[in-house]
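A short write-up of the structure that comes next.
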Amino acid sequence: PQVSTDSWSLRIHGMVDQEITLTWDDLLRRTPVERLVTLACVSNPINGDLIGNARWLGYRLDELLAEARPHPDADMVLSHSEDGWTAGSPLSVLTDGRDALLAIGMNGEPLPVRHGYPARLVVPGLYGYVSATKWVTELEVTRFDRATAYWTRRGWSAQGPIKTGTRIDTPRGRGRIPQGRTVIAGVAWAQHRGVTGVEVQVDNGDWRPARLSTEVTVDTWRQWTYDWEATPGQHTLRARTTDTTGQPQTAVEQDVVPDGATGYPTLTIQVN
Ligand SMILES: Nc1nc2c(c(=O)[nH]1)N[C@H]1C(S)=C(S)[C@@H](COP(=O)(O)O)O[C@H]1N2
Ligand SMILES: [Mo]
């Protein structure tokens, strides 16, 4: 969709005491915040690339929603986009103090058109299909037993918290590497809980701790590295993340439908 800031507005309505319509000029009179948040797609397969981190500039949704005064029995915000797409987010998640944003900037620039110009939602900890509405035009305060969002009508779960996970980025798949000291590296995420550890397993050996980059916030992924003395032959590498619940991510393999894939990323590599 091509949406201009002149024609754009955001209407907050439904189960509220005070319906609000914000124009672009109304927004610019407010004070934005800038946050690093890792978005993830529910369709991201294990070791997939449908996840990424960006620096988002935006307005706090808890403040905008508070001005509309949601009714106490409301539990969902159905966000609507210019093109008719919808996402259903728990009202509690948008108002629990996390940095849920009406974002207008990405990585120091206005939102690119394909990422929702002029405004979109960014909610730490929820998959995009239940939260990250691009070209957003309406926030309808409602209830999960009264409204059904776009992908939920098509068989995906109504609730979509992001599952703790990790990806092995290097060595690259199918590659051959020379024997000797090498680095296995990747990213780990547990949005809004926080990553506390990543472990790597070579073949069926013991799980050993990887080295983690400094945590930026609990809503951003962490990079990790693991030094490995690669010996000739074929090897299988696995990785897993532990979050602040203290439990490693589940080893149970599940496909992306209906609420996100689970299982350990695995990489088979030939060492010469
Ligand atoms: N309007 C609109 N917003 C949308 C979607 C869509 O199809 N239409 N897809 C959602 C999904 S499923 C995801 S994972 C994210 C992807 O955001 P990105 O394109 O910025 O990576 O946008 C969300 N917002
Ligand atoms: Mo998605």
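The values are calculated or read from the model by the stated rules, or taken from the named source; none is laboratory data. Computed from a prediction, not measured in an experiment: that's the story for all the values here. Backbone-built Cβ (ideal geometry, glycine too); neighbour counts: all protein chains shown. Side chains are part of the model used for accessible areas, which takes the heavy atoms of the whole protein and leaves out ligands, DNA and RNA. Shrake-Rupley method; radii C 1.70, N 1.55, O 1.52, S 1.80 Å.
So which of Gly160, Gly186 is surrounded by 23 or more Cβ atoms within 10 Å (Cβ to Cβ), within 13 Å of ligand 1 (Cβ to nearest atom) and modelled with pLDDT of 95 or more? Before the answer, list the steps.
Details: Gly186 fails: within 13 Å of ligand 1 (Cβ to nearest atom).
None of the others qualify; the one that does is Gly160.
Here are some residues: Thr142, Thr133. Which one is within 7 Å of ligand 1 (Cβ to nearest atom), assigned by TED's automatic domain parsing to the domain that holds Leu91, in contact with a Leu (Cβ under 8 Å, 6 or more places away or on another chain) and at pLDDT 95 or above?
Of Thr142, Thr133, the one residue that is within 7 Å of ligand 1 (Cβ to nearest atom), assigned by TED's automatic domain parsing to the domain that holds Leu91, in contact with a Leu (Cβ under 8 Å, 6 or more places away or on another chain) and at pLDDT 95 or above is Thr133.
Among Ile12, Ile46, which is among the hydrophobic types (A, V, I, L, M, F, W, C) and open to solvent by 10 Å² or more (accessible area, probe 1.4 Å)?
None of the others qualify; the one that does is Ile46.
Looking for whichever is in contact (Cβ under 8 Å) with a residue 40 or more places away in the chain and surrounded by fewer than 20 Cβ atoms within 10 Å (Cβ to Cβ) here; the options are Trp24, Trp56. Which one fits?
On the way: Trp56 fails: surrounded by fewer than 20 Cβ atoms within 10 Å (Cβ to Cβ).
After applying the criteria, what remains is Trp24.
Do you know which residues across the range 110-125 are touching a strand residue (DSSP E or B) at 6+ places or on another chain (Cβ under 8 Å) and within 10 Å of ligand 1 (Cβ to nearest atom)?
Once the filter is applied, which keeps residues that are touching a strand residue (DSSP E or B) at 6+ places or on another chain (Cβ under 8 Å) and within 10 Å of ligand 1 (Cβ to nearest atom), the range 110-125 yields Leu111, Pro112, His115, Gly116, Arg120, Leu121, Val122.
If you check Arg153 against the conditions, is it surrounded by fewer than 16 Cβ atoms within 10 Å (Cβ to Cβ), modelled with pLDDT of 95 or more and either within 16 Å of ligand 1 (Cβ to nearest atom) or not in a loop (DSSP other than H, G, I, E, B) (or both)?
Spelling it out, Arg153 is indeed surrounded by fewer than 16 Cβ atoms within 10 Å (Cβ to Cβ), modelled with pLDDT of 95 or more and either within 16 Å of ligand 1 (Cβ to nearest atom) or not in a loop (DSSP other than H, G, I, E, B) (or both).
Could you figure out which of (1) under 30 Å from Arg167 (Cα atoms); (2) in contact with an Asp or Glu (Cβ under 9 Å, 6 or more places away or on another chain) isn't true of Trp8?
(1)
Give me a count of the residues in the range 90-135 that are within 15 Å of ligand 2 (Cβ to nearest atom) and in contact with a His (Cβ under 6 Å, 6 or more places away or on another chain).
1
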